[in-house]
1. Out of B:LYS236, B:LYS243, B:LYS227, I need the residue that is touching a Ser or Thr at 6+ places or on another chain (Cβ under 9 Å), among the basic types (Lys, Arg) and more than 30 Å from B:SER90 (Cα to Cα). Which one?
2. So, in region B:128-145, how many residues would count as being surrounded by 21 or more Cβ atoms within 10 Å (Cβ to Cβ) and either among the polar types (S, T, N, Q) or touching a strand residue (DSSP E or B) at 6+ places or on another chain (Cβ under 6 Å) (or both)?
3. Which residues, taken from region A:40-65, are crowded, with 16+ Cβ neighbours inside 10 Å and at pLDDT 90 or above?
4. Output the residue which, of all residues in region A:151-173 that are under 21 Å from A:LEU124 (Cβ atoms) and β-branched (Val, Ile, Thr), is nearest to the other protein chains (Cβ to nearest Cβ).
5. Check B:THR216, B:THR240 and return the single one that is over 18 Å from B:VAL51 (Cα atoms), in contact (Cβ under 8 Å) with a residue 40 or more places away in the chain and within 14 Å of chain A (Cβ to nearest Cβ).
6. Which residues, counting only those in region B:98-122, are in contact (Cβ under 8 Å) with a residue 40 or more places away in the chain and either crowded, with 17+ Cβ neighbours inside 10 Å or assigned to a strand (DSSP E or B) (or both)?
7. Say whether the condition of being part of a helix (DSSP H, G or I) and within 24 Å of A:THR14 (Cα to Cα) is met by at least one residue in region A:138-153.
8. Look through A:SER199, A:SER180, A:SER190 and report the one residue that is within 14 Å of another protein chain (Cβ to nearest Cβ), under 26 Å from B:ILE222 (Cα atoms) and in contact with an Asp or Glu (Cβ under 8 Å, 6 or more places away or on another chain).
Amino acid sequence: MEVDRTSHELRPMTCELGHLSRSDGSATLTQGDTTVITSMYGPGDVRISKEIIDKATVEVTYRPKIGLPKCSDKLKERLIRNTCETVILSGLHPRTGIDIILQEMQNSGSFLSCCINSACLALLDASIPLKYLIAAVTCCISDKGEITLDPDLKQEKKSVAILTFVFDSKDFNVVTVSTSGSFSNEQFQSCLMACREASKHVITFYRESMLKKLSKSV
Amino acid sequence: MANDLKTFQPKEYYRKFLEKDVRPDGRELGECRSTVVNIGSITTAEGSALVKLGNTTVICGIKAELANPKADEPKNGYIVPNVELSPMCSAQFRPGAPGEQAQVLSQFVVDVLQNSECVNLQDLCIVSGKLVWMLQCDMICLDYDGNVADACVLSLVSALKNTCLPKVTVNEETQAIETDDKITNNLKVQTTPVSTTFAIFDDHFVIVDPTIEEETLATGIITIVTKEKKLCMVHKPGGTPLKDSQIQLCIDRAIERSGQATKLIDETQCSLDR
């Protein structure tokens, strides 16, 4: 799968929208070999205890490939939920619930960004009103200080730090950051710049996918 | 009158203050609450520390246990941080199994420890492949008044610096484990990670060290963990999109805060030794 790819290119992305018949929106996103299926329901019923009077309750469930969700998955779940809460115009649907379910199919690196992108595609597929789109890009810093965008598992293992950024499609400001490993301020800035450039490709990919989906149904 | 406004229109109330570059509790936007560190507060634990950030109080106790290492990492010991949010600290928590917030905080502390390489896990090895130390780090929140993540990290690092492990030898012939409580070794703490949390209010006010009211009203939170001058974690789970300049401001402030906090821990540590 791994063809010649310079360090400033994303891996090839493919997606399938609306392939689950029972959910309101669904998407399978493959970035390189990393695959995530997202399905979403809503705005629909919400448990009374979780009901919010002036906006919709957003809930995210993440299922790993093997076993039950662990403690570390909770942090990921919270991160994805907060990110989705930011983009959904939840004030339009008070006292309802929006459920997003993510299922890991294959983790070959840059997993968090694949999760967030696939959640965004599912929201698009379900036609949930959004403030803007979000594009997530992961990059890693090698021990020599080189930055690789959208790393696979092998590159992630060799790196000293992995950074994931999520940008909005309006001004390309930073919605979410999640990092592991240590790095300097300059390295952080250059990763931010590189990821911001790459996020524009993700937004273009969303546009193309939606075009394809809409032209098919006519 | 002021109280009515606070109850019915808390956002408006805060906005009135923030426009004048001050917060309702008298702090400036970039000012932390007074920080108190008490090291070695629990004498029965191997290491402990109590941290107060304004009203927020977290106590951390470290108990050391002997354990078998994992087969694939025969030289590595374990550090198991656990954050407990009991109903004592706030009415928003219920007794029983740890809730989402507690699990998220525990995982956050685990990530900070891993990223900062604060303790070399190989220092916890006694006999390779057979016996290692397992440090159970329990952080209990006593008062939940916002910014518990920073308090947890501060208390854990202070407690780790205070940890003394007894000398343990394994008798070659009988395989019996002998503990000598008289000879103790201080745990080597390589770096001092310091976490600083900022709340974003109304999309453009960035305030440091938020209280619980500020956290609930905030439109976004960003946490930056630094060790000395390097960054070891930037965590922003959603919320208002930030401009680069705002993130840079947060990083600069976090590095500044890191210096102050490190000094505070070291000073407290020194006064304890004397």
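1. Unique residue meeting the criteria: B:LYS227.
2. Here is the first cut: in region B:128-145, the residues surrounded by 21 or more Cβ atoms within 10 Å (Cβ to Cβ) are B:132-133, B:135, B:137, B:139, B:141, B:144-145.
If we keep only those that are either among the polar types (S, T, N, Q) or touching a strand residue (DSSP E or B) at 6+ places or on another chain (Cβ under 6 Å) (or both) too, we end up with B:132-133, B:135, B:137, B:139, B:141, B:145.
Summing the residues that are surrounded by 21 or more Cβ atoms within 10 Å (Cβ to Cβ) and either among the polar types (S, T, N, Q) or touching a strand residue (DSSP E or B) at 6+ places or on another chain (Cβ under 6 Å) (or both) in region B:128-145 gives 7.
3. Correct list: A:MET40, A:TYR41, A:PRO43, A:VAL46, A:LYS55, A:ALA56, A:THR57, A:VAL58, A:GLU59, A:VAL60, A:TYR62.
4. Let us first name the residues in region A:151-173 that are under 21 Å from A:LEU124 (Cβ atoms), namely A:164-173.
Then drop every residue that is not β-branched (Val, Ile, Thr), which leaves A:164, A:166.
Working: A:THR164: 10, A:VAL166: 8 Å.
Applying the filter and picking the extreme gives A:VAL166.
5. Details: B:THR216 fails: in contact (Cβ under 8 Å) with a residue 40 or more places away in the chain.
Result of the check over B:THR216, B:THR240: B:THR240.
6. Correct list: B:LEU105, B:PHE108, B:VAL109, B:ASP111, B:VAL112, B:LEU113, B:ASN115, B:SER116, B:CYS118, B:VAL119, B:LEU121.
7. yes
8. One residue alone meets the criteria, A:SER180.
The values are calculated or read from the model by the stated rules, or taken from the named source; none is laboratory data. It should be emphasised that the depicted structure is a prediction, and the values quoted were computed from it without experimental measurement. Cβ: placed from backbone, ideal geometry, glycine included. Neighbour counts: every protein chain shown.
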